[in-house]
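S.K.: Questions regarding the structure given below will be posed in turn.
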Amino acid sequence: MSEGETRAWERAPVLTVEHLTMRFGGLVAVHDLSFTAGRGDITALIGPNGAGKTTVFNCITGFYKPSEGMITLAHPDGSTFLLERLDDYRIASKAHVARTFQNIRLFSGMSVLENLLVAQHNRLMRASGFTFAGIIGLGTFRRAEEKAVELAKYWLERTGLLERADDAAGDLPYGDQRRLEIARAMCTQPVLLCLDEPAAGLNPRESHELNQLLLSIRESENISILLIEHDMGVVMEISDHIIVLDYGEKIADGTPQQVRTDPAVIAAYLGVEDEEVEAVEKEILQ
Amino acid sequence: MEYFLQQLINGVTLGSIYGLIAIGYTMVYGIIGMINFAHGDIFMVGAFIALIFIIALGFTAGTSFILLVLALMLVLVIAMVLTSIWGWTVERLAYRPLRESFRLAPLITAIGMSIVLQNLVQILQGARVKPLQPIITGGYVIMEKDGFVVNLSNIQILIVVTTVILMAVFSLIIARTELGRAQRACEQDRVMAALVGVNVDRTISLTFVIGAALAAVAGLMYLLYYGVIDFYIGFVAGIKAFTAAVLGGIGSLPGAMLGGMTIGLIETFWSAYFTVEYKDVAAFSILAIVLIFLPSGLLGKPEVEKV
Amino acid sequence: MPRLLDALKDAGIAGLIALGLAIPIWSHLTVQKPGGLVLEQRWWLVAIAVATVFAGRLVLNLFWWPRRGAAAGLGRQVARIAAPLAGAEKWLGPALIGLAILMPFLPFSNRYIMDLAILVLTYVMLGWGLNVVVGLAGLLDLGYVAFYAVGAYSYALIATTFGLSFWVCLPLAGLFAATWGVILGFPVLRLRGDYLAIVTLAFGEIIRIILINWYDLTNGPDGITGIPRPSFFGLEFKRFGDNTFAGFFGLEYSPIQRIIFLYYVILVLALITNIVTVRLRRLPVGRAWEALREDEIACRSLGINTTSTKLTAFAIGAMFGGFAGSFFATRQGFISPESFTFIESAIILAIVVLGGMGSQIGIAIAAVVMIGGFELFRELELYRMLIFGLAMVGIMVWKPRGLVSSRAPTIAIGKRKAISSDLVGEGHG
């Protein structure tokens, strides 16, 4: 880790995690984790199985309440949100953090288009006058729905799913389902998009397409991406910033080049004995 | 104090009966994750079978002690065996065809089976209540003070002792035997259990058989304790027992017993100290309150939300 | 002849099981005599039962099963019957509504048929109401009858105490029921599946017990009598009086006029329920209900407040139940707690599930089949509940996902494609 140099993500962070600890009974899944994710960056959270990556995600998106620590999200307009104090659905609706899931969670019995409309629920709910105006058929809701369909179509186009719009989400092949989940998350118009292993189970071609999609989303939208990934090809190719976790603790934090050559990371990934890792870590610290 | 003690005895007796029925609910729920709504009616069928055999054998309170014990044991065994056939048949006809399907379907067939059993018994045995002369009489006076007598009757002793013995035996079966292992395997993952050589159909059938056998015991106890049954007793007792199973934490055997005791005690004490009319409201309210704070019941494993 | 031998063996086992079931409940009748219960033997009944099972099983083994590759054959059979029904939804709905509107003027309709039609429509409405909770939002409610009761008692009490008319009381009753829906819904929000089922069942029982025991308010088990009948824009259905329906229109008075009027009232109420539900499904709240049924966690990740979404489902379902309840009260003129037992909840739930959860037309058909079919066996008073229960089991085993087992999307860019029920979630309860 090179000292001294101010890193881009620390200058303008969208997400700041400070001293995050998550305990399940006696088990400490995440211990005193601090990191930042820069605005407009693709930040990757990597680490061996059971390192606590998904737990961190669940803390950020409110599905778990952290035992300790603070998670701050900063919007481009300067407003900040303390995520550990918000309910899960408020993190999505107020703080505009969207996420996908490791084992895909689509509304499989609903059509692809319906999935994307559900994602725009809060906007449409307001347009329907909290149902009261919608039930008597006021035009405001119809227009809002047309706009929502347009947004849905836009994201279907981007993810290459437009011709499957009227099919059941559960009928799509696996790779399409992964992309649909991303499209659905994007329809919430997030500030921060959290992707939990988006490339899992994809073949090399699909994985490559996913990279292009994520890069293009970063280009075209005013958005930051935080992703968990096992596929090092994906991680090294698209991330600006990588955080490595092992046994719930951060062992490295830097650019792909820095992380790639970090002995602690190599040790963690090659499965070296704990003592040796400690020895290596000691060396680095000195 | 004396009054309290008497109610405690009565509550534990009632709780034992609920607990025995609740085990059937909890085991079936544990293994196939469904509410066997017809289980209360299996209990009712068990009570009827016991009643008919008691009359057929013709023993009364006057029979000598040894003979009485032997006759009761005989009735108990026969009722358990015959009621098991009912439990097995219900599973075979109404639940097995729906094993891998939509979760609400077996709930509806269970309600349907409950209606079928109630009405079948009503048709076959009539709608009138069936009274039985007390067979086990007598008891002990534990305490006497200011003219208030605390009684512990023989039938209460019998019920509680039988329940405790059966609880112990079935806990051992679940913990130690091949069947118990197979059951636990099926609870975890039915497909995997089948792959490693567990006969899933047989295990599930046996679960229903055990549940029905225990319900038959409860049926006989109920008959001896209250001395009157009809085709409708299964509904109320079933709902109470199911409440007990959920309260204790559905899927947990000790939970079923604890839940049964809790419901039995609440009902008895509420009737004794407040109003008898609202005893069910008290039991159901406690259930709702417990579940709001402990969504998996008293002894159930808390459900961890996997994201 | 190994096949015959196998068949005989199988039928023999079935017969033995039947014998096990028949002893002693079939073979011995307990009869009350002065000295206590005595037994009457009737082995002939056992013989008939065992012989029927043996013969039936033998016939199935020899002729029925071999001809159709068991499971696959059954699947095809089901598909054949189900396919036209799914396709027919387009014209079947309007056709049924047309039939329902013309019903009172059809040549075969008489007082008995109209009464039955009113009953069926009441259950259609209740089914549609519960469908919001169970079919759309995927929340298993075993105590729906509570809201039916709240609606009925609200109307009866307001009408008899304050003398307000049916048309004023109806919205009030709906509002009361909806409020109860929220009150009862709130504590159970965190519960899932069977825990939810038992608590809703408990609430249904609590309300019934309170109705029985709160003598001052509800008149206890005796119920409330003299509940006012609805009027037609102020015109009453009476033989004599100033403002009578018959007098105003210059008709001869006939009691059937009121029945036809009541029929149209419940028809309109049911159709309103249907229209509102169909509309709600296309609104964000309805989509959120269905999304909740599919995956609650995903809903929360998209910013949907699942608490209020669940509560609106409870409230709206309860409101429809309340409407149906006040109609029931005004139609009967008398209500008592006996009309609001668990079995009613079970029947309504069965109608929803048998119809195919979420399908409006499936539920209507299921209500006609179950309630109408139940009436067919009126002659066999004793046996009809038994047949009802058997029908519940039979239909469910035959079609576990209900009569209409596909879901129509609420919106489409191109052509709307039906979604197979295999993909549709069932909620956590």
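S.K.: Taking the options C:Leu184, C:Leu116, C:Leu126, C:Leu99, name whichever one is within 14 Å of chain B (Cβ to nearest Cβ) and in a helix (DSSP H, G or I).
M.R.: Only one candidate passes the filter, namely C:Leu184.
S.K.: Do you know which residues across region C:343-381 are in contact (Cβ under 8 Å) with a residue 60 or more places away in the chain, of a type in the set (Gly, Ala, Ser) and within 13 Å of another protein chain (Cβ to nearest Cβ)?
M.R.: Within region C:343-381, C:Ser345, C:Ala346, C:Gly355, C:Gly356, C:Gly358, C:Ser359, C:Ala366 meet the criteria.
Every residue, every condition in (1) part of a helix (DSSP H, G or I); (2) without any contact (Cβ under 8 Å) to a residue 12 or more places away in the chain; (3) closer than 16 Å to C:Gln332 by Cα, yes or no:
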residue: C:Gly204; (1), (2), (3): yes, no, no
residue: C:Ile207; (1), (2), (3): yes, no, no
residue: C:Leu211; (1), (2), (3): yes, no, no
residue: C:Phe240; (1), (2), (3): no, yes, no
residue: C:Leu251; (1), (2), (3): no, yes, no
residue: C:Ile256; (1), (2), (3): yes, no, yes
residue: C:Ile260; (1), (2), (3): yes, no, yes
residue: C:Ile266; (1), (2), (3): yes, no, yes
residue: C:Leu271; (1), (2), (3): yes, no, no
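S.K.: Considering each of C:Thr330, C:Thr341, C:Thr307 in turn, give the residue that is of a type in the set (Val, Ile, Thr) and out of contact with any Lys or Arg (no Cβ under 9 Å at 6 or more places or on another chain).
M.R.: Just a single option satisfies the conditions, and that option is C:Thr307.
S.K.: Could you count how many residues in region C:294-352 are assigned to a helix (DSSP H, G or I), under 30 Å from C:Val369 (Cβ atoms) and not acidic (Asp, Glu)?
M.R.: Matching residues across region C:294-352 total 33.
S.K.: Let me ask you something else. For C:Arg208, are the conditions met, namely being within 13 Å of chain B (Cβ to nearest Cβ), basic (Lys, Arg) and within 29 Å of C:Ile361 (Cα to Cα)?
M.R.: In short, no.
S.K.: Another question, if that's okay. For region C:354-381, what are the residues that are among the polar types (S, T, N, Q) and either surrounded by fewer than 17 Cβ atoms within 10 Å (Cβ to Cβ) or in a helix (DSSP H, G or I) (or both)?
M.R.: Hit for region C:354-381 is C:Gln360, nothing else.
S.K.: Sticking with this structure for a sec: Do we have any residue at all in region B:112-129 that's within 7 Å of chain C (Cβ to nearest Cβ), in a helix (DSSP H, G or I), among the small types (Gly, Ala, Ser) and touching a Pro at 6+ places or on another chain (Cβ under 6 Å)?
M.R.: No, every residue in region B:112-129 fails to be within 7 Å of chain C (Cβ to nearest Cβ), in a helix (DSSP H, G or I), among the small types (Gly, Ala, Ser) and touching a Pro at 6+ places or on another chain (Cβ under 6 Å).
S.K.: Taking into account only those residues within region B:28-54 that are within 14 Å of B:Val246 (Cβ to Cβ) and among the hydrophobic types (A, V, I, L, M, F, W, C), which is farthest from the other protein chains (Cβ to nearest Cβ)?
M.R.: B:Val28
S.K.: Taking C:Phe162 as meeting all but one of (1) crowded, with 17+ Cβ neighbours inside 10 Å; (2) over 22 Å from the mean Cα position of the chain (by Cα); (3) away from chain B (no Cβ under 14 Å), write down the number of the exception.
M.R.: Of the numbered conditions (1) crowded, with 17+ Cβ neighbours inside 10 Å; (2) over 22 Å from the mean Cα position of the chain (by Cα); (3) away from chain B (no Cβ under 14 Å), the odd one out for C:Phe162 is (1).
S.K.: Taking interchain pairs and intrachain pairs at least six residues apart, which have beta carbon atoms under 6 angstrom, with the first residue in region B:202-216 and closer than 15 Å to B:Ala38 by Cα and the second part of a helix (DSSP H, G or I) and polar (S, T, N, Q)?
M.R.: B:Val209/B:Ser84; B:Ala212/B:Thr83; B:Ala212/B:Ser84; B:Ala213/B:Ser84; B:Ala216/B:Thr83
S.K.: What is the residue count in region A:149-160 for residues that are at pLDDT below 90 and either closer than 22 Å to A:Thr54 by Cα or surrounded by 22 or more Cβ atoms within 10 Å (Cβ to Cβ) (or both)?
M.R.: Count: 1.
S.K.: What strands (runs of 3 or more DSSP E) completely inside region A:48-128 contain at least 1 residues that are in contact (Cβ under 8 Å) with a residue 24 or more places away in the chain?
M.R.: A:68-74, A:97-99
S.K.: In region B:86-134, which residues are closer than 13 Å to C:Pro400 by Cα and of a type in the set (Ser, Thr, Tyr)?
M.R.: Passing the criteria: B:Tyr95, B:Ser101, B:Thr109.
S.K.: Kindly check whether there is at least one residue in region C:52-65 that is modelled with pLDDT under 85 and buried (at least 18 other Cβ atoms within 10 Å of the Cβ).
M.R.: For region C:52-65, residues modelled with pLDDT under 85 and buried (at least 18 other Cβ atoms within 10 Å of the Cβ): present.
S.K.: Can you tell me which condition B:Ile263 does not meet? The list is (1) more than 8 Å from chain C (Cβ to nearest Cβ); (2) more than 25 Å from B:Phe4 (Cβ to Cβ), and all the others hold.
M.R.: Among (1) more than 8 Å from chain C (Cβ to nearest Cβ); (2) more than 25 Å from B:Phe4 (Cβ to Cβ), B:Ile263 violates only (2).
S.K.: Among the residues of region B:27-47, which ones are within 26 Å of B:Val129 (Cβ to Cβ) and either part of a helix (DSSP H, G or I) or among the charged types (D, E, K, R) (or both)?
M.R.: Listed by number, the residues that qualify are B:His39, B:Gly40, B:Asp41, B:Ile42, B:Phe43, B:Met44, B:Val45, B:Gly46, B:Ala47.
To keep it simple, each residue is scored yes or no on (1) in contact with a Leu (Cβ under 8 Å, 6 or more places away or on another chain); (2) more than 30 Å from C:Thr307 (Cα to Cα).
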{"residue": "A:Ala51", "(1), (2)": "yes, yes"}
{"residue": "A:Ile60", "(1), (2)": "yes, no"}
{"residue": "A:Phe63", "(1), (2)": "no, no"}
{"residue": "A:Pro66", "(1), (2)": "yes, no"}
{"residue": "A:Met70", "(1), (2)": "yes, no"}
{"residue": "A:Leu86", "(1), (2)": "no, no"}
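S.K.: Out of the residues in region C:281-293 that are assigned to a helix (DSSP H, G or I) and within 7 Å of chain A (Cβ to nearest Cβ), which is farthest from the chain's Cα centre (by Cα)?
M.R.: In this case the residue turns out to be C:Pro284.
S.K.: Being within 16 Å of C:Leu201 (Cβ to Cβ), assigned to a helix (DSSP H, G or I) and within 14 Å of the chain's Cα centre (by Cα) is the filter here; which residues of region B:248-305 pass it?
M.R.: If the condition is that a residue be within 16 Å of C:Leu201 (Cβ to Cβ), assigned to a helix (DSSP H, G or I) and within 14 Å of the chain's Cα centre (by Cα), then B:Gly259, B:Ile263 are the ones that fit.
S.K.: What number goes with the only condition from (1) assigned by TED's automatic domain parsing to the domain that holds C:Arg416; (2) modelled with pLDDT of 85 or more; (3) not aromatic (Phe, Trp, Tyr) that C:Ala49 does not pass?
M.R.: (1)
S.K.: Would you please list the contacts, defined by Cβ atoms under 7 Å and residues six or more apart or on different chains, that run from a residue in region C:407-423 that is more than 7 Å from chain A (Cβ to nearest Cβ) to a residue that is at pLDDT below 80 and surrounded by fewer than 15 Cβ atoms within 10 Å (Cβ to Cβ)?
M.R.: Listed pairs, sorted by first residue: C:Ala408/C:Arg416.
S.K.: Against the definition (at pLDDT 85 or above and surrounded by 14 or more Cβ atoms within 10 Å (Cβ to Cβ)), how does B:Leu152 come out, yes or no?
M.R.: yes
S.K.: From the residues in region C:382-400 that are in a helix (DSSP H, G or I), touching a residue at least 24 places away in the same chain (Cβ under 8 Å) and more than 7 Å from every other protein chain (Cβ to nearest Cβ), which one is surrounded by the most Cβ atoms within 10 Å (Cβ to Cβ)?
M.R.: The residue in question is C:Ile395.
The values are calculated or read from the model by the stated rules, or taken from the named source; none is laboratory data. Given the structure is predicted, the values throughout are model-derived calculations rather than measurements. Note that each Cβ is placed from the backbone with ideal geometry, even for glycine, and that neighbours are counted across all protein chains shown.
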